[in-house]
Amino acid sequence: MMRSWKESTSLRAGAALMVLSVVLAGQLVSESVLAHDQDDDVVRVNADLVVVNATVLDKNGKFISGLKRTDFQIFEDGTEQKVASFTAEETPFAAAILLDTSGSMETRLTLGRSAAIRFLDGLRDEDVAAVYNFDVKVEQMQDFSPGRDLPARAFGLRTKPMTVLNDAVLRASDDLAKRAEKRRAIVVLSDGGENSSRASSDKALNHALQAGATIYAVNMSDTGPARDIVGASILKNLADKSGGRYVASPGGTELREAFASIAEELGHQYTIAYRPLNRDRDGRWRAIQVKLDRPDATVRTRKGYRAPKS
């Protein structure tokens, strides 16, 4: 049956599909647009963008502001990339606080709650935070909000035997991926124990990278020679590979200063975007390195991203 010009145009418009998947801070942003050329054939146009959030610190660990695009060089697998965009504006961030309520935290739960309260107190008016606890399962106690009080139910929590740290990171990452804020953080308050997650550590970390979430891990276990080395290693790995920070002390001046610094850097990070020269969609890990033309400065960012696979 012959269709009218109007009907044909409507059908073609309905067939056109735009898919926009934006994952910040070191993940690949894929834009796939279906459009019609002059012969009405469908043409697929792909543009890939890698976006990296970078924290720049001086020798005293203080954030360095006022840097320009020309101060940075970015490399992927050792090959320098051309910067497509650069921003340094102060922006709100979303944070997910993960409180470990497993059995190994029984004597440390009060300290964990105090740490969560301290982090919430340091947020700005425009920032939002959600609070989760995890033991045999992951539960969200408070959705993302500008509230600065720990939910009342957090004070009635009791520890349970098992630990699903990986599942907690994965859940928080997926929730953060839905947020509009460009800068996203996961604050883990735990002794690093893991014995019951369905997700592997690699899967949890990949979800965090896909969400553009920087992980800050606070080791809540007792300090000293009795500290669990394996647990500490798990927390350090999450922080290091996501471009975050591992905090060794569960309280005191060190924790207070660390939280103040974390809140500052999340609101003032530099955001750099580039289109990778390597366009292969092979699912392989791509190492990212950001260099700065300042010998007295340290750049902290994620270690890379996993390319999409097709």
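The values are calculated or read from the model by the stated rules, or taken from the named source; none is laboratory data. Bear in mind the structure is a predicted one, so any value in this text is a computation, not a measurement. Cβ sites come from the backbone with ideal geometry, for glycine too, and all protein chains shown count toward neighbours. Side chains included, ligands, DNA and RNA excluded: accessible areas come from the protein's heavy atoms. Shrake-Rupley method; radii C 1.70, N 1.55, O 1.52, S 1.80 Å.
Somewhere in the stretch 198-209, is a residue in contact (Cβ under 8 Å) with a residue 40 or more places away in the chain, outside any helix (DSSP H, G or I) and not polar (S, T, N, Q)?
Pass one, the stretch 198-209, residues in contact (Cβ under 8 Å) with a residue 40 or more places away in the chain: 206, 209.
When the remaining residues are screened for being outside any helix (DSSP H, G or I), the result is none.
Within the stretch 198-209, not a single residue is in contact (Cβ under 8 Å) with a residue 40 or more places away in the chain, outside any helix (DSSP H, G or I) and not polar (S, T, N, Q).
Under 7 Å between Cβ atoms, which residue pairs at least 6 apart in sequence (or on different chains) link something in the stretch 115-136 that is open to solvent by 10 Å² or more (accessible area, probe 1.4 Å) with a partner that is among the hydroxyl-bearing types (S, T, Y)?
Sorted first by the residue in the stretch 115-136, then by its partner, the pairs are V128/S145; V136/S196.
Being among the aromatic types (F, W, Y) and open to solvent by less than 50 Å² (accessible area, probe 1.4 Å) is the filter here, so list the residues in the stretch 267-290 that pass it. Outline the logic, then answer.
Taking the stretch 267-290 and keeping what is among the aromatic types (F, W, Y), we get 270, 274, 285.
Passing the criteria: Y270, Y274.
Can you tell me which residue within the stretch 255-266, out of those that are charged (D, E, K, R) and at pLDDT below 85, is surrounded by the fewest Cβ atoms within 10 Å (Cβ to Cβ)? Before the answer, list the steps.
Step one: filter the stretch 255-266 for residues charged (D, E, K, R), giving 256-257, 264-265.
Of the ones still in play, those that are also at pLDDT below 85 are 264-265.
Numbers: E264: 16, E265: 25.
This residue is E264.
Return only the number of the condition from (1) modelled with pLDDT under 85; (2) within 14 Å of the chain's Cα centre (by Cα); (3) not hydrophobic (A, V, I, L, M, F, W, C) that Q269 does not satisfy.
Result: Q269 passes all but (1).
Give the residues of the stretch 182-240 that are within 22 Å of E257 (Cα to Cα), open to solvent by 60 Å² or more (accessible area, probe 1.4 Å) and under 12 Å from the mean Cα position of the chain (by Cα), sorted by residue number.
Listed by number, the list holds a single entry, D240.
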